[in-house]
1. Being open to solvent by 40 Å² or more (accessible area, probe 1.4 Å) and touching a residue at least 24 places away in the same chain (Cβ under 8 Å) is the filter here, so list the residues in the range 353-371 that pass it.
2. Kindly list the number of the only condition in (1) in a loop (DSSP other than H, G, I, E, B); (2) under 18 Å from S72 (Cβ atoms) that fails for S273.
3. Can you tell me which residue within the range 128-144, out of those that are outside any loop (DSSP other than H, G, I, E, B) and charged (D, E, K, R), is most open to solvent (accessible area, probe 1.4 Å)?
4. What are the residue pairs meeting all of these: first residue in the range 390-412, first residue under 15 Å from M360 (Cβ atoms) and among the aliphatic types (A, V, I, L, M), second residue open to solvent by 70 Å² or more (accessible area, probe 1.4 Å) and in a helix (DSSP H, G or I), Cβ atoms under 6 Å, and 6 or more apart or on different chains?
5. Determine if the range 593-601 includes at least one residue that is touching a residue at least 24 places away in the same chain (Cβ under 8 Å) and among the polar types (S, T, N, Q).
6. Return the only residue of L117, L98, L94, L125 being outside any helix (DSSP H, G or I) and either of a type outside the set (D, E) or in contact (Cβ under 8 Å) with a residue 24 or more places away in the chain (or both).
7. Check off (1) polar (S, T, N, Q); (2) touching a residue at least 40 places away in the same chain (Cβ under 8 Å); (3) farther than 19 Å from R616 by Cβ for N567 and give me the number that stays unchecked.
8. Return a yes/no flag: does the range 372-379 have any residue that is open to solvent by 40 Å² or more (accessible area, probe 1.4 Å), within 23 Å of Q432 (Cβ to Cβ) and either among the β-branched types (V, I, T) or not in a loop (DSSP other than H, G, I, E, B) (or both).
Amino acid sequence: MCILCTQIYSFNFGANFYPLRRFVLSFPSMHPKKLTISQRLFMAALAITCVAVGTVLFFYDREAEAAIFQRSFDQLASVRTLKQSRVERYFESLGAMLSVLASHPTTVPTAAREMRLRYDVEDILILSPHGKIVYAQHDSTRIGLQISDTVWNIAQQSLLGSAQNSSTQAPSVAFSDFMKFRGTTAAFGIVAIDSLTSKAESITAHGGAIIVVQISVQALNRIMTERTGLGMTGESYIVGEDSLMRTDSRFLPSPSILRVVVPTEPVRYALASKIALLETKDYRNVEVLSACAPLRIGEVRWAIISELDVEEVTIPINETRKRILVLGLIIILFMAGISWYGARAISEPILRLQESLSAMAQGNLPEEPLPIGRADEIGAMTMELNAMAASLRQATLFARDIGAGKFDAECTPRSENDMLVLALNDMKRELQRLLASEQSRALQRTFGLVEGEERERIRLARDVHDGIGQTLTALRFNLARVADEEMRSELFDLLDDAIAEVRSIAYNLMPGVLLDFGLEAALEQLCAKMSDASHVRIQREIVTLPARMDAAREIALYRIAQEALTNALRYAEADVMRLKLCLYVENTALRLEIHDNGKGFDNAASVHGNGLSNMRERAALFGGNVQVVSALGSGTHVVAEMPLV
């Protein structure tokens with residue numbers, strides 16, 4: 001892979017491959033832990049491509065090599081078969097000619113020229129029954145000489161075969177292997193003369209019995225050295241049982257017959273009567289493809305071999321391999337580009353997911369959901385991430401609402417394992433419990449304060465009434481003793497005012513009618529007094545309660561009505577007010593409504609003072625509430641609700 005990256009770097013891709021080159025150069029190192037996902041995907045796809053292309057090209061190369069080798073073997077086998085057939089036909093034809101000459105020896109002189117031209121026969125000899133040359137067609141100096149022992153032995157076998165044949169059979173022809181004879185190399189064809197007619201007196205006068213033809217090495221060389229179908233390095237040759245060549249080699253400058261030893265595997269196969277196609281080394285120690293077969297000419301056993309250098313055979317294989325390598329490189333480069341774009345197409349949405357997750361890990365929730373745009377696993381991951389972000393956003397808003405005291409907010413868990421939402425809901429319930437506990441304690445403290453305040457009011461009212469009031473009354477009786485009428489009158493007026501003020505203070509501290517006659521009478525008296533004092537008409541609609549409430553509730557409702565009426569008289573500039581006390585919720589709760597037609601105020605913009613807070617606290621002590629609705633020019637409507645028990 002490193003070599004491939006180096007080749008990619010050094011290869012001139014052109015402008016279109018610049019992004020791929022930059023992508024490859026961006027690899028920080030080849031350590032897997034330091035690679036990005038796009039680099040991992042690119043390398044994985046490229047590795048798979050290289051393995052796949054390499055495997056396909058390897059098997060294609062093997063198949064192509066096998067096919068070319070098989071074609072070469074078939075070609076060599078055809079050449080070998082053709083040459084073997086020609087050699088066999090040569091000897092068959094020569095044997096037939098010798099048979100004719102044996103039957104008609106008188107035709108030897110006339111047939112000599114044809115045999116020399118057609119069969120490369122160097123000389124025609126006729127031997128006596130004792131092996132002496134009695135006739136020589138081309139070299140008369142041989143007449144009277146004894147033929148070589150090897151040829152004579154073969155001649156004797158021919159005579160024996162001729163004697164065993166009947167008169168109807170053709171004369172028996174024998175051939176010898178190539179041998180050294182009178183300074184040359186030759187083979188011999190031998191046939192016994194069948195009969196000598198009267199026309200052959202010149203031959204029979206010398207006692208001729210056997211015809212021997214001397215065959216030149218060129219007879220077989222001409223057949224074996226023909227290079228048709230053997231290319232530039234191919235050759236065919238014949239080897240004898242002694243592993244010596246019987247035809248010349250095209251690669252050796254000097255004559256090879258009976259000189260060059262061929263101890264090769266094809267020779268051993270052929271001499272063992274086996275036909276074979278082999279890849280081996282020849283007598284030159286060169287790798288060759290060889291087609292070998294046995295060749296039998298009478299009693300002579302040869303091996304005929306056709307060979308072609310492997311180097312020549314592999315020339316088209318090497319050219320094919322070059323084309324395969326170029327094609328493989330093109331495919332790899334093409335797949336590298338596709339892998340790069342594919343890796344980017346896969347990694348970019350994953351990187352966007354990573355960025356979103358990193359932002360979420362830092363507490364920054366995305367404002368908008370990520371675009372999905374695909375239906376594969378990455379699209380599903382994006383969808384789940386959007387759902388998680390929405391859930392976190394909902395949980396965040398839920399937490400804010402809880403923190404703001406909006407305990408009516410709801411957040412539904414996505415599953416039974418949604419730990420965040422479940423924890424927030426648990427926190428909400430715990431905060432509600434703590435808030436309820438705190439509110440309960442606060443109400444108890446407020447109730448204690450209010451109760452203490454009211455008890456103090458009652459005590460002060462009693463003390464003012466019973467103490468200062470009685471003292472002022474006694475003082476009034478004593479003023480009657482003053483002699484000066486005018487002074488007495490002034491003192492009476494001042495004293496009456498003081499008594500009235502004391503009574504007013506005592507009433508405001510705690511109206512006795514509230515304690516003695518209940519809430520309805522106290523409200524009636526409150527409205528009458530305020531109406532008389534302010535000259536503002538106060539309409540009343542007060543229901544008669546079925547039974548008196550506990551004193552604390554009556555005092556709380558009374559103080560709420562007192563505060564609301566006081567505020568209306570002080571700020572509303574109203575000329576008519578209305579107070580209504582009624583039962584509701586099946587007579588289990590009490591509603592107090594106070595309405596004026598004054599100037600009103602902006603309920604949303606106004607900052608309420610202690611008066612409204614006191615009214616709400618008094619109502620809350622008994623599970624009630626106070627609502628104030630107002631608008632500029634539309635007056636003010638105060639509603640207080642409280643359960644009876």
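1. L357, L365
2. (2)
3. The initial filter retains those residues of the range 128-144 that are outside any loop (DSSP other than H, G, I, E, B), namely 132-136, 140-142.
Retained after the next criterion (residues that are charged (D, E, K, R)): 132, 142.
On the way: K132: 107, R142: 24 Å².
Among residues in the range 128-144 that are outside any loop (DSSP other than H, G, I, E, B) and charged (D, E, K, R), the one most open to solvent (accessible area, probe 1.4 Å) is K132.
4. Pairs found: A395/L420.
5. Residues of the range 593-601 touching a residue at least 24 places away in the same chain (Cβ under 8 Å): 593-601.
So of that shortlist, the ones also among the polar types (S, T, N, Q) come out as 597.
The answer is yes; a qualifying residue exists.
6. Numbers: L117 fails: outside any helix (DSSP H, G or I); L98 fails: outside any helix (DSSP H, G or I); L94 fails: outside any helix (DSSP H, G or I).
So the residue among L117, L98, L94, L125 that is outside any helix (DSSP H, G or I) and either of a type outside the set (D, E) or in contact (Cβ under 8 Å) with a residue 24 or more places away in the chain (or both) is L125.
7. Unmet for N567, out of (1) polar (S, T, N, Q); (2) touching a residue at least 40 places away in the same chain (Cβ under 8 Å); (3) farther than 19 Å from R616 by Cβ: (3).
8. Of the range 372-379, the ones open to solvent by 40 Å² or more (accessible area, probe 1.4 Å) are 372-377.
Still in the list and also within 23 Å of Q432 (Cβ to Cβ): none.
No, the range 372-379 contains no residue that is open to solvent by 40 Å² or more (accessible area, probe 1.4 Å), within 23 Å of Q432 (Cβ to Cβ) and either among the β-branched types (V, I, T) or not in a loop (DSSP other than H, G, I, E, B) (or both).
The values are calculated or read from the model by the stated rules, or taken from the named source; none is laboratory data. The structure displayed is predicted, hence computed values, not measured ones. In this analysis, Cβ positions are derived from the backbone assuming ideal geometry, glycine residues included, and neighbour counts consider all displayed protein chains. Please note that ligands, DNA and RNA were not included when accessible areas were found on the heavy atoms of the full protein model with its side chains. Shrake-Rupley method; radii C 1.70, N 1.55, O 1.52, S 1.80 Å.
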